[in-house]
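This report refers to the structure that appears directly beneath it.
The values are calculated or read from the model by the stated rules, or taken from the named source; none is laboratory data. Please read all numbers here as calculations on a predicted model, not as lab measurements. All Cβ positions, even for glycine, are placed from backbone atoms using ideal geometry, and neighbour counts span all protein chains on display.
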Amino acid sequence: MYLVSLAVLAGIITGRPMPSPEPFHPDTTCPHRNVPLEGRKSPLDSVTFTLSNQAIKVCYGRPSSSGRTMIGGSNVPYGKLWRTGANEPTIFYAPVPLTVAGIAVAPGVYSLYTVPGRQEWEVIVNKSVSQWGHENQYTPEVKAQEVGRAKVKAETTQKPLETFTIRAEPQGSKAAALILEWEKTKVRIPIQSKSSG
């Protein structure tokens, strides 16, 4: 199916020159590859922020605790790989070179995994984005596509948060942080633009 803007359609009808199409970027939607939106137990969400005048977009599933202990419990145990959300792994689109928790990332689309711990989390950036998010799908072939790993501190918050949330904290035009929050845990992943503009 093709989507045509009204401006392009008007150009076709009137015979006037059509405007140049805007470049397509994979950040325009959050793809649901394996489970239809209506069949998901956890909703799909996204967060977009700007670095060096370019939009960085993160797509992720938002599970809820629903009376369970998630982080540090049997569902998201300490010391074990986590897709950092639900359904597919968390995906982010970088239109410019970035550093993510100090990991150098070229422009492109990446998955973001983590290994939660009581005092620090390991952040994993991976080039593979087509696999299903369940941790047993992190095969040797997927692992071989890792860009890098880094450690970040975990904080304890006073007020519990029922639903897993990722948000951005801007820190100027070249630096920001992704904030991961759930239950009484908060993790800050620094993200910085490497571009000079």
Residues (touching a Gly at 6+ places or on another chain (Cβ under 6 Å) and among the basic types (Lys, Arg)) located in the stretch 126-176: none
Just checking, does the stretch 132-146 include any residue being at pLDDT 95 or above and assigned to a strand (DSSP E or B)? yes
Among the residues listed as Arg68, Arg16, the single one being modelled with pLDDT under 85, more than 12 Å from the chain's Cα centre (by Cα), farther than 22 Å from Leu178 by Cβ and part of a loop (DSSP other than H, G, I, E, B): Arg16
Can you tell me which residues in the stretch 118-131 are charged (D, E, K, R), part of a strand (DSSP E or B) and surrounded by 15 or more Cβ atoms within 10 Å (Cβ to Cβ)? Glu122
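Each row is one residue, and each column tells you yes or no for (1) of a type in the set (A, V, I, L, M, F, W, C); (2) out of contact with any strand residue (DSSP E or B) (no Cβ under 8 Å at 6 or more places or on another chain); (3) surrounded by 15 or more Cβ atoms within 10 Å (Cβ to Cβ).
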residue	(1), (2), (3)
Leu51	yes, no, yes
Asn75	no, yes, no
Pro97	no, no, yes
Ala101	yes, no, yes
Pro116	no, no, yes
Gly133	no, no, yes
Test Ala154 against the stated conditions and say whether it is out of contact with any Pro (no Cβ under 7 Å at 6 or more places or on another chain) and within 22 Å of Ser65 (Cβ to Cβ). yes
Complete set of residues in the stretch 135-159 that are closer than 16 Å to Ala86 by Cα and surrounded by 12 or more Cβ atoms within 10 Å (Cβ to Cβ): Glu135, Gln137, Tyr138
If we keep just the residues of the stretch 147-197 that are modelled with pLDDT of 95 or more, hydroxyl-bearing (Ser, Thr, Tyr) and under 24 Å from Val129 (Cα atoms), which is nearest to the chain's Cα centre (by Cα)? Thr165
For the stretch 71-97, give me each residue that is within 16 Å of Trp121 (Cα to Cα), outside any loop (DSSP other than H, G, I, E, B) and in contact with a Ser or Thr (Cβ under 8 Å, 6 or more places away or on another chain). Ile71, Trp82, Thr90
